[in-house]
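Data first, discussion second: the structure below is written as structure tokens.
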Amino acid sequence: MTMDEIISFVGGLDGVLTLRPTPGDGSPEIGWGDTFFYYAPDGVTPTATQPFTTIVIKNYPGDQASRLDRPDTFRVNISAGKEAFIRWTGHAPRESAPTEVDPSTADTVLAHPVYGTVGWLAVVNPGPRTEVATRELLHTAYHLARSRYERRT
């Protein structure tokens, strides 16, 4: 899966607001080039909620384990909920578990190297092994975000 395929898939879901920060748009420099997806049917960036999925193309301070500084490397971060997290990792988000998979391993669903404790999953360069799973997790994250939005409104 390419970044563009993921952006098209998630951005094509009803009510999704896709943000792609660039120089000159007022966003912080650290976010330039990354992509953030919110459930926001009114088209307004939510101020009280996090995106349900992100795509990052570089290391962030304190988040270098995925080695996103390698050429043509990106990571999809997915908030697909506790059930999906347990299904993919074998443990609850707040339970510590030995790191069995190198967080820089491509085409593997794993606990997010920083935000796994709050239930985020991650996939570095999704490929043939994880394409179906990644799409399913993205769809689950979308539905959870939509449900949270609908409960609040």
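The values are calculated or read from the model by the stated rules, or taken from the named source; none is laboratory data. Everything quoted here is computed from the prediction, not taken from an experiment. With ideal geometry, Cβ positions are generated from the backbone for all residues, glycine too; neighbour counts draw on all protein chains shown. The accessibility values were calculated without ligands, DNA or RNA, using every heavy atom of the protein model including side chains. Shrake-Rupley method; radii C 1.70, N 1.55, O 1.52, S 1.80 Å.
Number of residues in segment 18-41 that are among the hydrophobic types (A, V, I, L, M, F, W, C), open to solvent by 30 Å² or more (accessible area, probe 1.4 Å) and within 25 Å of Arg146 (Cα to Cα): the value is 2.
Among the conditions (1) surrounded by fewer than 17 Cβ atoms within 10 Å (Cβ to Cβ); (2) more than 18 Å from Ala145 (Cβ to Cβ), Gly15 misses just one, which is (2). Checking every residue in segment 138-151 against the condition of being free of Cβ contacts under 8 Å to residues at least 40 places away in the same chain, open to solvent by less than 10 Å² (accessible area, probe 1.4 Å) and within 23 Å of Ala92 (Cα to Cα) gives zero matches. Does any residue of segment 74-82 turn out to be exposed (fewer than 15 other Cβ atoms within 10 Å of the Cβ) and either modelled with pLDDT of 95 or more or more than 30 Å from Thr153 (Cβ to Cβ) (or both)? The answer is yes, given that some residue of segment 74-82 is exposed (fewer than 15 other Cβ atoms within 10 Å of the Cβ) and either modelled with pLDDT of 95 or more or more than 30 Å from Thr153 (Cβ to Cβ) (or both). Please tell me if Thr53 is among the polar types (S, T, N, Q), surrounded by 15 or more Cβ atoms within 10 Å (Cβ to Cβ) and touching a residue at least 40 places away in the same chain (Cβ under 8 Å). For Thr53, the condition - among the polar types (S, T, N, Q), surrounded by 15 or more Cβ atoms within 10 Å (Cβ to Cβ) and touching a residue at least 40 places away in the same chain (Cβ under 8 Å) - is met. In the set (1) in a loop (DSSP other than H, G, I, E, B); (2) surrounded by 15 or more Cβ atoms within 10 Å (Cβ to Cβ), Glu95 fails one condition alone, (2). Filtered by the rule that a residue be over 16 Å from Gly31 (Cβ atoms), out of contact with any helix residue (DSSP H, G or I) (no Cβ under 7 Å at 6 or more places or on another chain) and charged (D, E, K, R), segment 49-106 gives Arg67, Asp69, Arg70, Asp72, Lys82, Glu83, Arg87, Glu95, Glu100, Asp102. The one condition from (1) open to solvent by 70 Å² or more (accessible area, probe 1.4 Å); (2) in contact (Cβ under 8 Å) with a residue 40 or more places away in the chain that Ser8 does not meet is (2).
Given (1) assigned to a helix (DSSP H, G or I); (2) of a type in the set (A, V, I, L, M, F, W, C); (3) under 13 Å from the mean Cα position of the chain (by Cα), where does Trp88 come up short, assuming only one miss? So the condition that Trp88 fails would be (3). Cβ-Cβ contacts under 7 Å between residues 6 or more apart (or on different chains), taken from a first residue in segment 61-87 that is in contact (Cβ under 8 Å) with a residue 60 or more places away in the chain and among the β-branched types (Val, Ile, Thr) to a second residue that is open to solvent by less than 100 Å² (accessible area, probe 1.4 Å) and not in a strand (DSSP E or B), are listed as Val76/Ile6; Val76/Pro126; Val76/Thr134; Ile78/Trp120; Ile78/Leu137; Ile78/Leu138; Ile78/Ala141. Scanning segment 114-129 for residues that are surrounded by 21 or more Cβ atoms within 10 Å (Cβ to Cβ) and of a type outside the set (A, V, I, L, M, F, W, C) yields a count of 4. Screening segment 91-113 for residues that are β-branched (Val, Ile, Thr) and modelled with pLDDT of 95 or more and picking the one that is nearest to the chain's Cα centre (by Cα) gives Val109.
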